[in-house]
Amino acid sequence: MTNQHQALPFPRDFLWGGATSNVQAEGGIDEGGKGINVYDSLVVTPEPGVEPIYSDTAVASDHYHRYAEDIALMAQMGLKAHRFSIVWSRIFPNGDEAEPNEAGLAYYESMVDELHGHGIEPVASLLHFDMPDHLRVAYNGFASREVVDLHTRYVEAVLTRLAGKVRYWITANEINTAPLFPRLVAGSEQPDGDDPIAYQALVRHNILLAQARAALAIRDLAPDAKIGCMIYYGPSYPASSKPQDVTAARWVNDLLFHLPLDVIVRGEYPAWYPLYLKRRGVALPAQPGDVETLAAGAAVNDYIAFSYYQTGMITGPDGWGAPAAEDALVQNYFFGGEKNPHLDRTAWGWQIDPEGIRTAAASLYARYGKPVFIVENGMGVDEEPSEASGIVEDDYRIAFHTGHVEALRQAIHIDGVPVIGYLVWAPFDILSSHKEMRKRYGFIHINRTHDDLRDLARTPKKSFHWYRRVIASDGVDLGAE
Ligand code: BG6
């Protein structure tokens, strides 16, 4: 039987688009007064099971110099929205200066103007692996309250300049991963001898506080702005119907995803969290006034943004009650990674689960009642242009996105989820979060390798033409040719 919803179009105002993190795209590492940031200085820990080949961040995709060309190509693809990040260390090179760097503000203003000139809606992220490295070295990043203040100053400087030009704001990228990847996400490292759970609770709290203050600053300076925070969302399935597996999956999902979203959207920690900390001998690191700030920040939140790449799978321990066993599950979710036998995987071991994006969107809407915005979804592949056609024939990428778009259609038309948009990662090839040029997500090929910059020429891949047809048909035409 044919699915009666298959041909239903997406809403006319649906934001089809692309997304980048500018530290992974720009290069121009020491130009325009920019300071070194935590991505530039990162010494990468390889992904499990992957032999890494790193690239430096000095040139990346040279988006710093070629953003106009890239935006023109995105417009040709028909993109209606483009998510980019404002690199904090371009605005405050060290992070603790009294005044912002004019060249950095002017740079992003011209990028925004360029997007508007092509009819593309800018979606600006305010924290995406780009904390000035000085704040890591001198303050230990978001483990410090001073950095929360410095972050607010940065947000105010950006808003003062761009409030009238950018409507969609994302206060922080994948904020929920800060306790697990603190160096890159929060510019911080666990001091030797610190209790890991106490340290994670501190970083979690301070970065949530920083995002609440960012949301308030945005609402203050841009009253009509659309404000969202952003999490990495890879909900975990139980490995089986065994009740212990179900309990374990629930546990991981509550800690990694629902806990931060409860704060961001509902304005308070879930009732179980103080007990979770107490069982580990840790007190909630809140200071007077924080509870009110978190509540006020949540009150100005408009939508839930999330990245979606894959789902997880969890096997539960036979007995519950030991906090260490629960904490090990969370570590295992990110760093061990049980594999779901029902799903294919990329060469990097990322599980391909289109159906999961529907579950993700629908479950967040059911729980929080806020519109959702998929601001990253993509497939990283080591690929080359075909010798015959001269372009990357990325049918696997077309199949990947076809599956996810189809599942989103069902989320909208069957599950009744208000979805603001779908931003692919990434419109053009950029460095991975692990500084790998070889792991390509783009719809436009960049002619460079990890160690040879070649001519950095931009060439649309086969998926470029596919996405243009999808957008032009409001998501009805998903055909590969
Ligand atoms: C998200 C990040 O986690 O996933 C991006 O917001 C990142 O910055 C993307 O690039 C894909 O992950 P990776 O590690 O393959 O680049």
Note to self: Looking only at the range 149-186, filter to residues that are assigned to a loop (DSSP other than H, G, I, E, B) and within 16 Å of the ligand (Cβ to nearest atom); which one of those is nearest to HIS116 (Cα to Cα)?
What the structure shows: THR171
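What do you reckon, is SER363 of a type in the set (S, T, N, Q), free of Cβ contacts under 8 Å to residues at least 12 places away in the same chain, more than 14 Å from the ligand (Cβ to nearest atom) and surrounded by fewer than 23 Cβ atoms within 10 Å (Cβ to Cβ)?
No: the conditions fail for SER363.
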Item checked: Residue pairs meeting the criteria (Cβ under 6 Å; at least 6 apart or on separate chains; first in contact (Cβ under 8 Å) with a residue 40 or more places away in the chain, in the range 104-117; second open to solvent by 40 Å² or more (accessible area, probe 1.4 Å) and not in a helix (DSSP H, G or I)) -> VAL112/LYS165
Next item on the list: Looking only at the range 373-408, count how many residues are open to solvent by less than 10 Å² (accessible area, probe 1.4 Å), within 18 Å of the chain's Cα centre (by Cα) and within 15 Å of ASP344 (Cβ to Cβ).
Entry: 3
Note to self: Anything in the range 270-287 that is farther than 20 Å from ALA322 by Cα, open to solvent by less than 80 Å² (accessible area, probe 1.4 Å) and not hydrophobic (A, V, I, L, M, F, W, C)? List them, or say none.
What the structure shows: PRO270, PRO285
Notebook entry, point to check: Restricting the search to the range 85-114, which residues are open to solvent by 10 Å² or more (accessible area, probe 1.4 Å) and not in a helix (DSSP H, G or I)?
Noted result: PRO93, ASN94, ASP96, GLU97, ALA98, GLU99, PRO100, ASN101
Checklist line | Filter result for VAL372 (more than 16 Å from the ligand (Cβ to nearest atom) and within 18 Å of GLU174 (Cα to Cα)) | finding: yes
Notebook entry, point to check: Can we say PHE10 is modelled with pLDDT of 95 or more, over 22 Å from ASP429 (Cα atoms), surrounded by 22 or more Cβ atoms within 10 Å (Cβ to Cβ) and not β-branched (Val, Ile, Thr)?
Noted result: yes
Notebook entry, point to check: Name the residues in the range 127-148 that are open to solvent by less than 20 Å² (accessible area, probe 1.4 Å), over 16 Å from LEU184 (Cβ atoms) and either part of a loop (DSSP other than H, G, I, E, B) or among the acidic types (Asp, Glu) (or both), would you?
Noted result: SER144
Check: On the given criteria, is VAL123 within 16 Å of the ligand (Cβ to nearest atom), in contact (Cβ under 8 Å) with a residue 24 or more places away in the chain, outside any loop (DSSP other than H, G, I, E, B) and open to solvent by less than 10 Å² (accessible area, probe 1.4 Å)?
Finding: yes
Note to self: Can you find, within the range 42-84, the residue that is surrounded by the most Cβ atoms within 10 Å (Cβ to Cβ) among those that are hydroxyl-bearing (Ser, Thr, Tyr) and in a helix (DSSP H, G or I)?
What the structure shows: TYR67
Check: Across the range 298-321, what is the total count of residues that are within 25 Å of HIS82 (Cα to Cα) and either more than 16 Å from the ligand (Cβ to nearest atom) or open to solvent by 40 Å² or more (accessible area, probe 1.4 Å) (or both)?
Finding: 5
Check: Is it the case that some residue within the range 5-17 is of a type in the set (Gly, Ala, Ser) and within 30 Å of ARG345 (Cα to Cα)?
Finding: yes
Margin query: As an exercise: evaluate TYR168 against (1) modelled with pLDDT of 95 or more; (2) touching a helix residue (DSSP H, G or I) at 6+ places or on another chain (Cβ under 6 Å) and give the number of the one condition it does not meet.
Written below: (2)
Margin query: Being at pLDDT 95 or above and buried (at least 16 other Cβ atoms within 10 Å of the Cβ) is true for just one of ASP290, ASP254. Which residue is that?
Written below: ASP290
Margin query: The conditions are (1) of a type in the set (D, E, K, R); (2) open to solvent by less than 60 Å² (accessible area, probe 1.4 Å); (3) closer than 30 Å to ILE412 by Cβ, and LYS34 fails exactly one of them. Which is it?
Written below: (3)
Notebook entry, point to check: With respect to the numbered conditions (1) of a type in the set (Asp, Glu); (2) within 14 Å of the ligand (Cβ to nearest atom); (3) free of Cβ contacts under 8 Å to residues at least 60 places away in the same chain, which one is the sole condition not fulfilled by GLU355?
Noted result: (2)
Next item on the list: Kindly indicate which of VAL246, VAL265 is of a type in the set (Val, Ile, Thr), in contact (Cβ under 8 Å) with a residue 40 or more places away in the chain and under 27 Å from TRP320 (Cβ atoms).
Entry: VAL246
Next item on the list: Looking for whichever is within 16 Å of the ligand (Cβ to nearest atom), open to solvent by 10 Å² or more (accessible area, probe 1.4 Å) and in contact with a strand residue (DSSP E or B) (Cβ under 9 Å, 6 or more places away or on another chain) here; the options are TYR422, TYR441. Which one fits?
Entry: TYR441
Next item on the list: Return the total of residues in the range 339-352 being within 16 Å of the ligand (Cβ to nearest atom), surrounded by fewer than 18 Cβ atoms within 10 Å (Cβ to Cβ) and outside any loop (DSSP other than H, G, I, E, B).
Entry: 1
Notebook entry, point to check: Looking at THR402, THR459, which one is over 15 Å from GLN24 (Cα atoms), at pLDDT 95 or above and either in a helix (DSSP H, G or I) or within 16 Å of the ligand (Cβ to nearest atom) (or both)?
Noted result: THR402
Next item on the list: With respect to ILE218, determine if the residue is within 23 Å of PRO371 (Cα to Cα), more than 16 Å from the ligand (Cβ to nearest atom) and in a strand (DSSP E or B).
Entry: no
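The values are calculated or read from the model by the stated rules, or taken from the named source; none is laboratory data. Note that the structure is predicted; figures quoted are calculated from it, not measured. Every residue, glycine as well, gets a Cβ built from its backbone with ideal geometry; the counts of neighbours run over all protein chains shown. Areas reflect the complete protein model, heavy atoms only, side chains present, ligands, DNA and RNA absent. Shrake-Rupley method; radii C 1.70, N 1.55, O 1.52, S 1.80 Å.
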